[in-house]
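Notes for the one structure printed next.
The values are calculated or read from the model by the stated rules, or taken from the named source; none is laboratory data. Nothing here was measured: the structure is a model prediction, and the numbers come from that model. Please note: Cβ atoms are built from the backbone with ideal geometry, for glycine as well, and neighbour counts cover all protein chains shown.
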Amino acid sequence: MNAAIEGYLFYEIAALLVLAAGVGFVGLILRQPLIVSFIAVGILAGPSVLNIARSDQQIDLLAELGIAVLLFLVGLKLDFNLVRTLGPVALVTGLGQVLFTTVFGFLIALGLGLDPRTAIYVAIALTFSSTIIIVKLLSDKREIDALHGRIALGFLIVQDIVVVIAMISLSAIGVGAAAGGDGALTDVLRVLGYGLGMLTFVVVFIRYVANPLVTRLSRAPELLVSFAIGWAALLAAVGHYLGFGKELGGLLAGVSLASTPFREAIAARLASLRDFLLLFFFIALGASLDLSVLGASVGPAIVLSLFVLIGNPLIVLVIMGAMGFRKRTGFLAGLTVAQISEFSLIFMAMGVSIGHVADEALGLVTLVGLVTIAASTYMITFSHQIYTVFEPVLGIFERRRTGAEPNNGPEAAQPHDVILFGLGRYGLGIASVLQKSGKNILGVDFSPDAVRNARRRGYDTVFGDATDPEFLAHLPLQQAEWLVLAVPEHDTGLSHDDPRHALLRAVRDIGFPGKVAVAAHSETSAETLKPLQADLVLLPYRDAAIAAARMISGVETAPQTAAEDPDGQKELPA
């Protein structure tokens with residue numbers, strides 16, 4: 001009998017995994033995050049559709065382990081130093097967005113007929129944005145180091161801190177509600193004492209044990225991963241036993257290892273496991289949704305979704321404009337918070353388990369999550385195109401003096417022989433050779449760190465976005481002989497998504513009289529640049545391979561330029 005049950009459970013898990021792979025592939029084609037696909041899997045596998053997910057206890061166990069690992073990774077990467085280095089913008093923008101969304105979300109929820117307790121739960125859930133999704137999308141666009149990307153990371157950290165505080169508060173409230181009557185205050189104080197005791201243990205662990213232990217375990221990477229999972233599960237279990245929740249226990253486990261030099265390696269190795277286990281959380285969530293009940297929540301979900309999609313970016317734009325940031329920076333940073341997070345669903349699930357809110361409220365927030373995550377994915381992916389559409393009406397959000405962004409010195413208006421976009425390793429390598437040959441170089445990049453690094457090396461530099469026509473109009477293009485585009489290309493398969501294409505079109509529209517050289521990573525990418533009248537297409541990997549082969553064979557003693565490659569490209573003058 002047991003063998004039959006285990007066999008059935010295996011069949012069920014196998015069916016769920018195959019279904020998740022299929023739905024995930026469709027989501028990939030639609031360019032949607034896995035969260036959307038996983039919730040869809042849960043709905044399809046639930047009793048309302050295919051009725052595959054029947055082993056509730058086993059699925060819930062994997063879901064709880066997934067949440068523990070997720071909170072462990074959040075604690076592992078809880079970088080308070082990033083908030084400090086960004087200064088007030090991260091703190092003010094993060095807290096401002098949380099306060100705005102909570103207050104107005106509460107009022108909107110009341111207007112939709114929700115009771116006050118459910119309304120405050122829903123309002124708080126709407127404040128959290130998905131760090132996982134935002135970091136993934138910004139990394140894909142190579143904008144994680146851009147000014148708006150760094151600011152977005154800063155206020156996401158602030159949001160993560162608010163999540164922690166909200167979950168701690170909810171755990172304490174849950175303890176009080178479970179005790180009831182005169183024992184409520186006593187139990188809350190007891191759990192608070194346990195929490196302080198565990199926090200003291202974590203501090204001592206960080207101070208005396210973490211580094212030596214992890215350094216020793218790092219000699220066997222597989223053991224390090226096993227230890228990390230076990231440590232997360234152990235502290236999550238202790239947290240649950242002491243009454244303040246698995247979530248806080250898993251978070252403290254991550255914080256306890258965050259100061260070690262191996263935290264990035266641990267996080268990288270556990271990311272796939274986190275995604276796998278969270279699949280079961282979203283399956284459990286989707287399977288618990290009654291589609292007949294969800295139908296009544298469609299109207300409120302659309303209203304709340306529009307509030308998140310429009311209101312959250314708007315408040316970020318207003319706050320950053322008031323602090324002296326340009327409208328473009330505020331707009332691009334604001335688009336990153338136009339969705340709710342997986343933590344929103346976890347927060348609502350905690351409320352349901354405590355008995356504060358009904359399943360219908362969790363279903364409502366889940367619908368808002370599906371709509372906002374799906375829509376904001378496209379908003380972030382096509383952020384520059386969306387900005388172009390709204391740019392004429394965004395002037396009211398920009399102060400006359402945008403002193404919060406890096407200042408460009410007088411060299412920005414002085415004549416230069418070559419204007420180089422992209423100050424990474426490849427761009428700086430080109431700049432070094434050209435400068436030695438007597439060329440006057442002006443470097444341009446949207447990363448403050450890249451600009452500072454190039455300035456330290458003695459180059460004239462300008463901070464700005466290559467795809468911003470307003471910024472391009474202020475560059476000394478008419479005096480330049482060459483424009484060199486060493487900016488990264490976006491691996492999206494859409495040419496209009498590529499900053500090189502936008503820049504080429506913009507400089508041609510301005511009437512740039514000189515020649516343009518563009519770096520491409522593949523022959524296919526190079527082909528897309530020909531209709532845009534690029535005078536020279538550089539293929540760094542191919543050119544380096546040709547030069548290396550010549551040096552190894554003894555044909556040449558120095559690297560050759562693209563002028564002598566088999567495609568007969570013209571040479572950038574020395």
Cβ-Cβ under 7 Å, sequence separation 6+ or interchain: first residue in segment 91-116 and under 22 Å from Ser297 (Cβ atoms), partner assigned to a helix (DSSP H, G or I) and polar (S, T, N, Q). Which pairs?
Thr101/Asn312
Picked from segment 446-465 (must be among the polar types (S, T, N, Q) and surrounded by fewer than 23 Cβ atoms within 10 Å (Cβ to Cβ)), the residue modelled with the lowest pLDDT is Ser447
Between a first residue in segment 158-181 that is outside any helix (DSSP H, G or I) and a second residue that is modelled with pLDDT of 70 or more and not β-branched (Val, Ile, Thr), which pairs have beta carbons less than 7 Å apart while being 6 or more apart in sequence or on different chains?
none
Complete set of residues in segment 325-384 that are in a loop (DSSP other than H, G, I, E, B) and surrounded by 21 or more Cβ atoms within 10 Å (Cβ to Cβ):
Phe325, Arg326, Thr336, Val337, Ala338, Gln339, Ile340, Ser341, Val357
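Each row is one residue, and each column tells you yes or no for (1) assigned by TED's automatic domain parsing to the domain that holds Leu61; (2) under 30 Å from Ala233 (Cα atoms); (3) at pLDDT below 85.
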| residue | (1), (2), (3) |
| --- | --- |
| Gly286 | yes, yes, yes |
| Ser297 | yes, no, yes |
| Asn312 | yes, no, no |
| Gly330 | yes, no, no |
Restricting to segment 333-353, count the residues that are free of Cβ contacts under 8 Å to residues at least 24 places away in the same chain and under 14 Å from the mean Cα position of the chain (by Cα).
1
Members of segment 278-299 found to be assigned to a helix (DSSP H, G or I) and buried (at least 20 other Cβ atoms within 10 Å of the Cβ), listed by number:
Leu278, Leu279, Phe280, Phe281, Phe282, Ile283, Ala284, Leu285, Gly286, Ala287, Ser297
For segment 8-21, pairs from a residue that is touching a residue at least 12 places away in the same chain (Cβ under 8 Å) and closer than 12 Å to Val41 by Cβ to a residue that is surrounded by 11 or more Cβ atoms within 10 Å (Cβ to Cβ) and of a type outside the set (A, V, I, L, M, F, W, C), with Cβ under 8 Å and 6 or more apart or across chains, are Ala20/Ser37
Checking the conditions here, which among Arg550, Arg500, Arg508 is loosely packed, with under 14 Cβ neighbours inside 10 Å, of a type outside the set (Gly, Ala, Ser) and modelled with pLDDT of 60 or more?
Arg508
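Let's see how each residue does on (1) modelled with pLDDT of 85 or more; (2) part of a strand (DSSP E or B):
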position: Gly403; (1), (2): no, no
position: His416; (1), (2): no, no
position: Gly427; (1), (2): yes, no
position: Val433; (1), (2): yes, no
position: Lys439; (1), (2): yes, no
position: Val444; (1), (2): yes, yes
position: Thr467; (1), (2): no, no
position: Glu470; (1), (2): no, no
So, Ala253, is that one more than 28 Å from Leu99 (Cα to Cα) and modelled with pLDDT under 85 or not?
no
Answer with yes or no whether Leu44 is part of a helix (DSSP H, G or I), closer than 24 Å to Gly254 by Cβ and either in the same structural domain as Leu279 (by TED's automatic domain parsing) or in contact with a strand residue (DSSP E or B) (Cβ under 9 Å, 6 or more places away or on another chain) (or both).
no
From the list Ala562, Ala544, which residue is at pLDDT 75 or above and either more than 21 Å from Asp417 (Cβ to Cβ) or more than 35 Å from the chain's Cα centre (by Cα) (or both)?
Ala544
Cβ-Cβ under 7 Å pairs, at least 6 apart or on other chains, segment 370-399 side more than 15 Å from Gly330 (Cα to Cα) and assigned by TED's automatic domain parsing to the domain that holds Ile302, far side in a loop (DSSP other than H, G, I, E, B) and modelled with pLDDT of 85 or more:
Thr372/Ala338; Thr372/Gln339; Thr372/Ile340; Ile373/Gln339; Ser376/Ala338; Ser376/Gln339
